[in-house]
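Read through the structure below, which is laid out as structure tokens, and then see the notes.
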Amino acid sequence: MAWAEWEQLKADAVANSGAHMQLNKAGDGGGGGGGKKGDLTVNDTALSDVRDEASKLNTRLWKEGRVAVPTSETAAGNLTSQGFDLGGALQHVADRWDVQLKSLMDACGHIANHMDFTKYVHQGDDQYVRSRVSSIAALDQAFDDHNAPKGEKNKADN
């Protein structure tokens with residue numbers, strides 16, 4: 001690339017600097033994640049749905065994923081006893097399948113457990129925030145001169 005071409009590209013970039021990249025936001029004001037800007041919302045239904053699907057997958061993997069292992073191991077043993085090298089290779093495949101299946105099942109269990117934990121933590125956080133906000137509201141009401149005329153008791157004092 002010639003030096004003049006480089007300088008022209010830099011000048012073009014400066015001239016077009018009004019266009020900026022925006023992540024997670026469409027040009028019409030819509031957000032990629034829905035909801036208001038900056039809000040992260042988690043609801044119990046979403047957490048429960050993810051947990052349930054991870055548990056279902058874990059159960060299906062146990063029931064359906066292990067079907068091939070005993071059959072493959074039996075076939076591998078028969079082939080090996082008959083002197084075929086393929087028996088050892090098939091046994092290796094069966095062993096790897098079993099290890100990977102267990103790893104995938106562990107991951108599903110971890111996801112399910114994490115969703116339960118997250119749900120529990122969010123409930124505690126929500127309760128804490130609710131208690132803090134409600135106590136602030138009660139204090140505001142007690143100290144607000146607009147709740148009752150001066151000299152009379154506020155509603156919060158009753």
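How big is the range 50-130 by Rg and Dmax over its Cα atoms, in Å?
So, for the range 50-130, Rg and Dmax equal 20.0, 72 Å respectively.
I'd like the chymotrypsin sites (Phe, Trp or Tyr not before Pro) in the range 59-106 restricted to DSSP loop residues with at most 13 other Cβ atoms within 10 Å, sorted by number.
Values: sites: Trp62, Phe84, Trp97; in loops: Phe84.
Here the chymotrypsin sites (Phe, Trp or Tyr not before Pro) that fit, given the DSSP loop and packing criteria, are Phe84.
How many nm separate the modelled label positions at Ala68 and Trp6, each set 7 Å beyond the Cα in the direction of the Cβ?
Between Ala68 and Trp6, the simple spin-label model gives 5.5 nm.
Could I have the simple spin-label model distance between Glu53 and Ala107, label points 7 Å from Cα toward Cβ, reported in nm to one decimal?
Each label point lies 7 Å from its Cα, and together they span 1.5 nm.
Only the coordinates and a few stated rules stand behind these numbers; no lab work does. Please read these numbers as outputs of a predicted model, since none were measured by experiment. Because the Cβ atoms are built from the backbone with ideal geometry, glycine has one as well, and the counts that use them run over all protein chains shown.
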